[in-house]
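Q: For reference, the structure I am asking about is given below.
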Amino acid sequence: MPARHKVIARLIQRDIAAGTLTPGQALPTDEELARKYKAPIEELRLAIAHLSNSGLITVDDAGEAAVSDPPTQSHVTSASTSYLKPLPRHDDQFHESASQLGLAATQRVETDQAPASAQIADRLDIKLGQQVLHLRTVRLADAVPVELEDTYYPCDLVGTGPAAADSIPDEFLHRFGWTRVGWQDAITARCPTDAEAAHLELTDPSPIIERTRVRYAKKNDGPPRPVSYTQSVLIGGRNQLVYHLKQADLPISMRG
């Protein structure tokens with residue numbers, strides 16, 4: 001049986017498909033929607049986050065939700081065993097790319113633990129408010145910020161406290177028997193939020209590329225589960241996003 005918030009999301013999606021809610025229309029308040037769909041506020045907010053993650057609803061900086069205009073996102077999903085070969089670590093790839101351009105690559109990293117927001121809880125399929133380990137990385141080329149990356153791991157997988165923050169979560173998961181089985185990407189071109197512009201030191205209205213990635217892994221013969229959620233914000237004029245794709249061996253649907 002699907003999670004309750006996903007059932008609510010499907011009811012909202014049905015209203016959008018039926019034209020009851022139209023593109024650009026602001027959604028009623030959370031309280032009004034909760035009454036309409038006979039749902040607790042927390043489940044309703046998870047449903048809104050789920051629809052926002054899929055691109056059907058947009059939520060602005062003030063938290064106001066509206067039905068999206070025709071979608072501008074594209075999705076890339078990999079579940080092929082040909083993808084499971086070890087790849088160079090992302091930071092090494094960044095340093096290599098910068099070196100090829102004659103640039104000095106550096107980064108700033110911060111870690112903390114926090115309760116999962118509705119968006120993060122939906123992506124990681126965990127309860128709203130459950131503790132997650134948060135890694136924030138700002139990558140710089142010749143001291144100029146080019147990428148902001150936020151990655152979240154469920155603390156029930158990677159632990160809590162200083163030891164968890166000091167470890168490399170992907171390697172930590174591997175040591176405890178988790179095997180990566182695939183991922184799902186969503187790519188969007190948009191304007192940065194004020195917070196993103198501050199982190200990336202943007203002084204002009206430069207467009208950014210947002211790539212979100214949910215990584216899936218499984219333990220022994222258990223079912224796949226989301227083990228991390230990453231949001232990467234890249235400045236459009238300072239980056240090139242390149243994918244090398246192969247035909248997947250078997251189609252696997254990772255999300256409900």
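Q: For A104 and E64, compute 0.36 nm times the residue count separating them, minus their Cα-Cα distance, and round to one decimal in nm.
A: So the chain would gain 10.3 nm between A104 and E64.
Q: Please give the FRET efficiency for A114 paired with T203, using the beta carbon to beta carbon distance and R0 = 25 Å, rounded to the nearest 0.05.
A: 0.30
Q: Another question, if that's okay. Tell me, I41, I57 in order of fewest to most beta-carbon neighbours within 10 Å? Could the numbers behind the result be given before it?
A: Details: I41 11, I57 22.
The fewest-first ordering by Cβ neighbours comes to I41, I57.
Q: Next question. Per 10 Å bin from zero, what fraction in whole % of the C-alpha pairs of region 4-67 is there, up to the bin with the longest pair?
A: Percent of pairs per bin, in order: 24, 64, 12.
Q: Then there is this: How much net charge surrounds D150 when only other residues with a Cβ under 13 Å from its Cβ are counted (Lys, Arg +1; Asp, Glu -1)?
A: 0
Q: Residue by residue through region 42-48, what is 3J(HN,Hα) from phi via Karplus (6.51 cos²θ - 1.76 cosθ + 1.60, θ = phi - 60°)? Round to whole Hz and write x for glycine and proline.
A: 4, 5, 5, 5, 5, 5, 4
Q: Hey, with R₀ at 22 Å, roughly what FRET efficiency would R14 and D125 work out to, going by the Cβ-Cβ distance, to 0.05?
A: 0.50
Taken together, the values in this text are just the output of simple stated rules run on the coordinates, not laboratory data. Values in this document were obtained by computation on a predicted structure and should not be read as measured data. Glycine gets a Cβ as well: all are built from the backbone with ideal geometry, and neighbour counts include every protein chain shown.
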